[in-house]
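Participant: Quick one: the structure is below, and I'll ask about it shortly.
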Amino acid sequence: MSGFAEGQKFRKTALKVIASSIRKGNIIEQDGRLYVVLTAENIHPGKGTPVSQIEMRRIGDGVKISERYKTTDQVEKATVEDHNFNYLYEDADGFHFMNAETYDQVQVSKEIVGSSAPYLQENMTVKLSLHDMNPVAIQLPQRATLEVVETEPVTKGQTASSSYKPAILSNGVRTAVPPHIGTGTRIVVMTEDGSYVERAKD
């Protein structure tokens, strides 16, 4: 820590924002705990006060809670910094990433990575949100290329428009693919839900 005297750690204060401005992925500080926003919806009932329905997950233990605020209520939005990190490996403690610019390594818990885990590939660049240098949220690239390891055989004469068939990807995720995609084909999927985008170009 060059240039800093010990004990001079600056703790950034949370910003107060109105509840209606909260978006998915924001980090909220409440009762001294941090929460990552999963969904945020502003509801305007015919009569009465508009409210913001916010679903969030407590960082640390993964407990989900749902809160309803008046849209004009003040909510503490924690200051987070987004940085790009490259995925290194997974071990019993969690997932390890490295900041490509500083070579700092951070460990991200399984709760935070959540359903994104199967899509992590070595050297994949992800965006980590850090709060006081602790990773609190992860954002993967929107798309990942994976191989189909199991699906029904391609049947000749089937038109491309007929319904999708189930498939299992090389990361263990189940998805659905068009009839012309066979085992061994590399496909592009959305990392959010594993849905099929297109056949990989490479």
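The values are calculated or read from the model by the stated rules, or taken from the named source; none is laboratory data. Because the structure is predicted, anything quoted here is derived from the model rather than measured. In this analysis, Cβ positions are derived from the backbone assuming ideal geometry, glycine residues included, and neighbour counts consider all displayed protein chains. Areas reflect the complete protein model, heavy atoms only, side chains present, ligands, DNA and RNA absent. Shrake-Rupley method; radii C 1.70, N 1.55, O 1.52, S 1.80 Å.
Participant: Checking the condition surrounded by 12 or more Cβ atoms within 10 Å (Cβ to Cβ), within 19 Å of residue 140 (Cβ to Cβ) and among the basic types (Lys, Arg), which residue from 33, 57 passes?
Facilitator: Numbers: 33 fails: within 19 Å of residue 140 (Cβ to Cβ).
Just a single option satisfies the conditions, and that option is 57.
Participant: Need the failing condition index for residue 186 against (1) closer than 30 Å to residue 96 by Cβ; (2) open to solvent by 40 Å² or more (accessible area, probe 1.4 Å); (3) out of contact with any Asp or Glu (no Cβ under 7 Å at 6 or more places or on another chain); (4) modelled with pLDDT of 90 or more, just the number.
Facilitator: Only one criterion is unmet by residue 186, namely (3).
Participant: Given the conditions (1) over 22 Å from residue 141 (Cα atoms); (2) in contact with a strand residue (DSSP E or B) (Cβ under 7 Å, 6 or more places away or on another chain); (3) touching a residue at least 24 places away in the same chain (Cβ under 8 Å), and given that residue 86 satisfies all but one, which numbered condition is not satisfied?
Facilitator: With respect to (1) over 22 Å from residue 141 (Cα atoms); (2) in contact with a strand residue (DSSP E or B) (Cβ under 7 Å, 6 or more places away or on another chain); (3) touching a residue at least 24 places away in the same chain (Cβ under 8 Å), residue 86 is out only on (1).
Participant: Any chance you could count how many residues in the stretch 66-105 are among the small types (Gly, Ala, Ser) and either open to solvent by 90 Å² or more (accessible area, probe 1.4 Å) or part of a strand (DSSP E or B) (or both)?
Facilitator: First, pick out the residues of the stretch 66-105 that are among the small types (Gly, Ala, Ser): 66, 78, 92, 94, 100.
Narrowing further to those that are either open to solvent by 90 Å² or more (accessible area, probe 1.4 Å) or part of a strand (DSSP E or B) (or both): 66, 92, 94.
Looking only at that region, the number is 3.
Participant: Next question. Inspect the stretch 127-139 for any residue being β-branched (Val, Ile, Thr) and exposed (fewer than 13 other Cβ atoms within 10 Å of the Cβ) and give the result as yes or no. Spell out how you get there, then give the answer.
Facilitator: The first filter runs over the stretch 127-139 and keeps only residues β-branched (Val, Ile, Thr), leaving 136, 138.
Narrowing the set further to residues that are exposed (fewer than 13 other Cβ atoms within 10 Å of the Cβ) leaves none.
No; the residues of the stretch 127-139 include none that is β-branched (Val, Ile, Thr) and exposed (fewer than 13 other Cβ atoms within 10 Å of the Cβ).
Participant: How many residues, within the stretch 98-112, are free of Cβ contacts under 8 Å to residues at least 40 places away in the same chain and out of contact with any Asp or Glu (no Cβ under 9 Å at 6 or more places or on another chain)?
Facilitator: 9
Participant: Is it the case that residue 119 is open to solvent by 40 Å² or more (accessible area, probe 1.4 Å) and among the aromatic types (Phe, Trp, Tyr)?
Facilitator: In short, no.
Participant: While we're here: Looking only at the stretch 36-65, count how many residues are closer than 19 Å to residue 112 by Cβ and outside any strand (DSSP E or B). Even if it seems obvious, please write down each step before you answer.
Facilitator: Pass one, the stretch 36-65, residues closer than 19 Å to residue 112 by Cβ: 36-40, 54-65.
Subset that is outside any strand (DSSP E or B): 59-63.
Looking only at that region, the number is 5.
Participant: Is it the case that residue 171 is part of a loop (DSSP other than H, G, I, E, B) and modelled with pLDDT of 95 or more? Give the derivation first.
Facilitator: Numbers: part of a loop (DSSP other than H, G, I, E, B): yes; modelled with pLDDT of 95 or more: yes.
The answer is yes for residue 171.
Participant: Only one residue in 163, 129, 195 is of a type outside the set (Phe, Trp, Tyr) and closer than 28 Å to residue 98 by Cβ, so which one is that? Before you say what the answer is, go through the steps one by one.
Facilitator: Values: 163 fails: closer than 28 Å to residue 98 by Cβ; 195 fails: closer than 28 Å to residue 98 by Cβ.
Exactly one residue qualifies, and that residue is 129.
Participant: Out of all the residues in the stretch 106-136, which are in contact with a Gly (Cβ under 8 Å, 6 or more places away or on another chain), among the aliphatic types (A, V, I, L, M) and either part of a strand (DSSP E or B) or farther than 19 Å from residue 33 by Cα (or both)?
Facilitator: Residue satisfying the conditions is 108 alone.
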